[in-house]
Structures are given as structure tokens and as C-alpha cells.
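A.B. asks: So that we are looking at the same thing, I have put the structure below in C-alpha cells.
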Amino acid sequence: MRWKEGLYCFDDVPFSGILDKLEKYYNVKITVTSPKLLNHEGLTGKFREQDGVEHILRTIAKDHPFKYTINEARDSIIIYEK
């Protein structure tokens, strides 16, 4: 229910689950080029909606290395191995 307050809270959520939520929250299509990247253990964190999807991905990438590109229209993201 925290999303109603503009907070996205994840408690031991697999990376794939977080990506699913980010697609929904920010209305973007996220493609992962390597299934290996989806094997990250459950992640925990709290973000504000106003932080944006890019901030969230940058923060997660600090502990779980990957790179990403966002298309010019900002409606799709590709995540790939570092």
C-alpha cells in the first residue's frame, strides 16, 4: 500500500520481480538480454516514485553489476551484462 504514498518498497524480491514492477510503475518495456542477470537473489530497498526508473536501476547496479540503455522515447529499457 506504500505505493499510494509514492514509495516503492521491495523486501527480498527477485530482480525479475522488481523489473516487472518497474515496467508497471513507469510504463516502460524492460528487456533483459542475459537470463543470468535474472538470477540475482532477493533484493531489498525503498525508493520514491519521483526518483525515477533510471535512479532505481543505477542503485541496484551498484550491488548487482549490469548495464542498461534507455531508448530515445524513454518507453523501453534494455538490460545487459557489464
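The values are calculated or read from the model by the stated rules, or taken from the named source; none is laboratory data. All of these numbers come straight from a predicted model, not from anything done at the bench. In this analysis, Cβ positions are derived from the backbone assuming ideal geometry, glycine residues included, and neighbour counts consider all displayed protein chains. Protein only, heavy atoms only, side chains kept; ligands, DNA and RNA dropped before computing areas. Shrake-Rupley method; radii C 1.70, N 1.55, O 1.52, S 1.80 Å.
A.B. asks: Kindly identify the chain as rounded, prolate or oblate by the Cα gyration tensor criterion: order the square roots of the eigenvalues as a ≥ b ≥ c, call it rounded if a/c is under 1.5, otherwise compare a/b with b/c, prolate if a/b is larger, else oblate. Could you put the intermediate results ahead of the total?
C.D. replies: Details: a/c = 1.79, a/b = 1.18, b/c = 1.52.
In terms of gyration-tensor shape, oblate.
A.B. asks: Taking the Cα centre as origin and putting +1 on Lys and Arg beta-carbons and -1 on Asp and Glu beta-carbons, what dipole magnitude results for region 2-82, to the nearest 20 debye?
C.D. replies: Values: 13 positive and 13 negative charges, 17 e Å.
My answer is approximately 80 debye.
A.B. asks: So, one more: Excluding ligands, DNA and RNA, what is the solvent-accessible area per residue of the chain at a probe of 1.4 Å, expressed in Å²?
C.D. replies: Working: 5490 Å² over 82 residues.
Solvent-accessible surface per residue comes out at 67 Å².
A.B. asks: So what is the relative contact order of the chain, in percent, for Cα pairs below 8 Å that sit 6 or more residues apart? Kindly include the intermediate steps, with their values, before the conclusion.
C.D. replies: Working: 109 pairs, mean separation 29.4, N = 82.
Across the chain, relative contact order equals 36 percent.
A.B. asks: In whole Hz, what ³J(HN,Hα) sequence does region 68-82 give by Karplus (6.51, -1.76, 1.60; θ = phi - 60°), x for Gly and Pro?
C.D. replies: 8, 10, 10, 5, 4, 6, 6, 10, 8, 10, 10, 10, 9, 5, 6
A.B. asks: Roll a 1.4 angstrom probe over the protein heavy atoms and tell me the percent of accessible area of the chain that is carbon or sulfur.
C.D. replies: Values: 2590 of 5490 Å².
C and S atoms contribute 47 percent here.
A.B. asks: Please list, or write none, the aspartates and glutamates whose alpha carbon is within less than 19 Å of the alpha carbon of LYS29, excluding same-chain residues fewer than 8 places away.
C.D. replies: ASP20, GLU49, ASP51, GLU54, GLU72, ASP75, GLU81
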